[in-house]
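To keep things clear, I will list the structure first and then write my remarks on it.
The values are calculated or read from the model by the stated rules, or taken from the named source; none is laboratory data. A quick note: this is a predicted structure, and the numbers were derived from the prediction, not measured. Note: ideal-geometry Cβ built from the backbone for every residue, glycine included; neighbour counts use all protein chains shown. Surface accessibility is based on the protein's heavy atoms, side chains included, excluding ligands, DNA and RNA. Shrake-Rupley method; radii C 1.70, N 1.55, O 1.52, S 1.80 Å.
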Amino acid sequence: MCDQTFLANVFGPCDKCSQNRALREIYHKNEKVSYCSLCVGMMATEGLKENETLASLKNEAESLKGKLEEERAKLHDVELHQVAERVEALGQFVMKTRRTLKGHGNKVLCMDWCKDKRRIVSSSQDGKVIVWDGFTTNKEHAVTMPCTWVMACAYAPSGCAIACGGLDNKCSVYPLTFEKNENMAAKKKSVAMHTNYLSACSFTNSDMQILTASGDGTCALWDVESGQLLQSFHGHGADVLCLDLAPSETGNTFVSGGCDKKAMVWDMRTGQCIQSFETHESDINSVRYYPSGDAFASGSDDATCRLYDLRADREVAIYSKESIIFGASSVDFSLSGRLLFAGYNDYTINVWDVLKGARVSILFGHENRVSTLRVSPDGTAFCSGSWDHTLRVRRLHCSFLFCFSFSFALCVYKEMGTIEPRIHDVNESQPPSSVLRL
């Protein structure tokens, strides 16, 4: 059976029957072919047993899905906030804007931090991609794309390249140098090519591979050097809007969310979906892994953020209030995992206590929809981008940087009355050498 079909407007010989007809581009066994509608329909019925129809298979799938949900419900005997009742609640706090980055001429759509914890890349509806120094607010690089609505951008792990794309359906990689009057457009390398807009991109743990998500309903893994498609991921029933790579050295899984209200976890080696969650009531705009990699959060147009535990294979928390009626556009965790930052379409950023499920702060400052936000790699700051054309960098208070595992949250916080939190990594005896001090 075909993996995925797309609408097409080409006319020519079908790769299967050789007749000149209107063609559709499909992926069959991860290979791109052009088949007519008749051959696509015949492929859809291949492998059916006698007296077996697509309707009967659909009914069987729904029945199995119902049984799976029943088994999940049997294990759902306690809520996260009940487990965390003995954990001390976080007090209210305020985080002021320390830097405002101005330079885009239209809506900021995406941003990403460099691993050096200082530089930031952002993309905008004005068709420009800008690399900033988050400390001085200077612009270090600027790229003008061949289209507007540059919806995705990402920093390479080495900090020596950026990737971006949008309505051009491509993911382009630009190497970064510090040469004066450099022509970055001449160094552009087109890596990925989708049949619809590029919605998200992320380098894997090296500069040599990149993951992309697209409005054509697919995700894909590409080789940066050759531009070769290494793996495609088919399963979403509508536009894929976001993705996030698992925070591990191997990085063999990632999560994606889309307009079909599904969050799906994928195995990058096989291209198969290994877990799927469908509890949101509208488009999923953002997904982000918990720092330990055992869970992930999602933000949706249904005005809620949700936490999914991958080990329990279910949703464990919902972050919402009756007063919040606007969609959540972007989410990210603090370095410790205790806080969840969520940007909303009502111009605000809500900060949630992950364990308690309570809102601990509302951050103001933007004058339009908050479209993107990311916590810095060292956890000392976070940056948000908005439709008001600006990015704002805020500093995180040191008391929220104490690292603890989601699995041992209760044990650690039970003893925190005698622990003095520091801006230190738990595995290091010295603080980070290049903390962005704001």
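Each label was represented as a point 7 Å from its Cα along the Cα-to-Cβ direction; for T97 and L68 these points are 4.4 nm apart. Only the Cβ atoms of Lys and Arg (+1) and of Asp and Glu (-1) were treated as charged; on that basis the dipole of region 83-397 about its Cα centre amounts to roughly 1040 debye.
Rolling a 1.4 Å probe over the protein chains gives H234 an accessible area of about 40 Å². Label region 83-397 by shape, choosing from rounded, prolate and oblate, from the square roots a ≥ b ≥ c of the eigenvalues of the Cα gyration tensor; if a/c is under 1.5 it is rounded, and otherwise prolate applies when a/b is larger than b/c, oblate when it is not. It is oblate, given that a/c is not under 1.5 and a/b is not larger than b/c. With a simple spin-label model that places each label point 7 Å from the Cα along the Cα-to-Cβ direction, the separation between K321 and E140 comes to 3.8 nm.
Near the amide H of R21, within less than 5 Å, lie the amide hydrogens of G12, C14, all on another chain or at least 5 residues away, with H placed in the peptide plane. Restriction of the GluC sites (Glu not before Pro) in region 261-364 to DSSP coil positions whose beta-carbon has at most 11 other beta-carbons within 10 angstrom yields E281, E322. Heavy atoms of the protein chains alone define the surface here; on that basis region 83-397 has 37 Å² accessible area per residue at 1.4 Å probe size. Converting phi to 3J(HN,Hα) with the Karplus coefficients 6.51, -1.76 and 1.60 and the offset θ = phi - 60°, region 260-265 yields 8, 6, 9, 10, 10, 9 Hz in sequence order, with x at every glycine or proline. Rounded to the nearest whole Hz, the Karplus-based 3J(HN,Hα) values (6.51 cos²θ - 1.76 cosθ + 1.60, θ = phi - 60°) of region 196-203 follow the sequence 8, 4, 8, 9, 7, 8, 7, 5, with x at glycine and proline.
Projected label points at L230 and S56, each 7 Å from Cα along the beta carbon direction, are separated by 4.3 nanometres.
Which far-off residues, 5 or more places away or on another chain, put their amide H under 5 Å from the one on L109, with H placed in the peptide plane? The list, which skips near neighbours in sequence, is S123, S124, Q125.
As a calculated quantity, the FRET efficiency between C160 and T270 at R0 = 35 Å, using C-beta atoms, amounts to about 0.70. Computed from phi, the 3J(HN,Hα) profile of region 136-142 under the Karplus parametrisation 6.51, -1.76, 1.60 (θ = phi - 60°) reads 8, 6, 6, 8, 9, 9, 9 Hz, with x in place of Gly and Pro.
Along the axis of the charge dipole computed for region 83-397 (Cβ charges of +1 for Lys and Arg, -1 for Asp and Glu, origin at the Cα centre), the listed residues P146, A303, T100 are led at the positive end by T100.
For the residue pairs K58/K170; K170/K356; K96/K188; K107/K189; K139/K188, alpha carbon separations beyond 30 Å are given by K58/K170; K170/K356; K96/K188.
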